[in-house]
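Colleague: Below are the structure tokens for one structure; questions will follow.
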Amino acid sequence: MARPPFPPFDAEAARRKVQAAEDAWNTRDPERVALAYTEDSVWRNRDRFLTGREEIAAFLRDKWAREHDYALRKDLWGFHENRIAVRFQYECRDADGQWWRSYGNEMWEFAEDGLMRRREASINDVAISAAERRLFGPRPATEHGAPLPLR
């Protein structure tokens, strides 16, 4: 099950890969998202270490059960051969109604078939009010590639 574009990446292919990841994560469909990773993909997500699609899908099911109204934006930071660096922001609310904006950086490594075999994510959360929200569902196509603000 190959996932183009394939490494080595040029700037356009890296941008397409990042947008495809953003679009998939905004579906909040754990099984669909997990298919973008190799069977033996390894992750570090904050303080969690995962191996394989089944663990990834279980992690995502739990994540999106807790993180309501999740909306994500990713921004290409850099790329080289089969690696891509991304910064991202997402917003969600918890069961108590508190809104959060999460800021993070990811490092991705891809197999020859375009599936991600390694993902490392560092993420920080900031409590925000509903009035401070700026992410409302998936990004419209007219905003693809727009840079993320620092705050």
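Colleague: Kindly indicate the residue of region 99-125 that is in contact with a Ser or Thr (Cβ under 8 Å, 6 or more places away or on another chain) and aliphatic (A, V, I, L, M) and also nearest to Arg44 (Cα to Cα) among those meeting that condition.
Modeller: By that ranking, first place goes to Ile123.
Colleague: Please determine, by comparing only the residues of region 69-83 that are in a strand (DSSP E or B) and open to solvent by 60 Å² or more (accessible area, probe 1.4 Å), which one is farthest from Lys17 (Cα to Cα).
Modeller: Looking only at region 69-83, we keep the residues that are in a strand (DSSP E or B), and these are 69-80, 83.
Subsequent filtering for residues that are open to solvent by 60 Å² or more (accessible area, probe 1.4 Å) retains 69, 77, 79-80, 83.
On the way: Asp69: 24, Trp77: 12, Phe79: 11, His80: 13, Arg83: 11 Å.
Only one residue tops the list, namely Asp69.
Colleague: Residue under question is Val33, and the condition is that it be at pLDDT 95 or above and open to solvent by less than 20 Å² (accessible area, probe 1.4 Å); does it hold?
Modeller: Values: at pLDDT 95 or above: yes; open to solvent by less than 20 Å² (accessible area, probe 1.4 Å): yes.
Here the answer is yes, as Val33 does meet what is asked.
Colleague: Mind checking whether some residue in region 42-62 is under 25 Å from Pro140 (Cα atoms) and under 14 Å from the mean Cα position of the chain (by Cα)?
Modeller: The answer is yes, given that some residue of region 42-62 is under 25 Å from Pro140 (Cα atoms) and under 14 Å from the mean Cα position of the chain (by Cα).
Colleague: Would you check if Asp96 is of a type outside the set (Ser, Thr, Tyr), part of a loop (DSSP other than H, G, I, E, B) and out of contact with any strand residue (DSSP E or B) (no Cβ under 9 Å at 6 or more places or on another chain)?
Modeller: Yes: the conditions hold for Asp96.
Colleague: Tell me, please, whether a residue that is open to solvent by 30 Å² or more (accessible area, probe 1.4 Å), over 23 Å from Glu132 (Cβ atoms), touching a Ser or Thr at 6+ places or on another chain (Cβ under 7 Å) and in contact (Cβ under 8 Å) with a residue 24 or more places away in the chain can be found in region 36-43.
Modeller: Looking through region 36-43, at least one residue is open to solvent by 30 Å² or more (accessible area, probe 1.4 Å), over 23 Å from Glu132 (Cβ atoms), touching a Ser or Thr at 6+ places or on another chain (Cβ under 7 Å) and in contact (Cβ under 8 Å) with a residue 24 or more places away in the chain.
Colleague: Right, something else. I'm checking my understanding of the structure. Among residues of region 93-139 that are touching a residue at least 60 places away in the same chain (Cβ under 8 Å) and loosely packed, with under 12 Cβ neighbours inside 10 Å, which one is farthest from Arg15 (Cα to Cα)?
Modeller: The residue in question is Phe136.
The values are calculated or read from the model by the stated rules, or taken from the named source; none is laboratory data. This is a predicted model, so every value here is computed, not measured. So basically every Cβ, Gly included, is an ideal-geometry build from the backbone, and we count neighbours across all protein chains shown. What goes into the accessible areas is simple: the full protein's heavy atoms, side chains included, and nothing from ligands, DNA or RNA. Shrake-Rupley method; radii C 1.70, N 1.55, O 1.52, S 1.80 Å.
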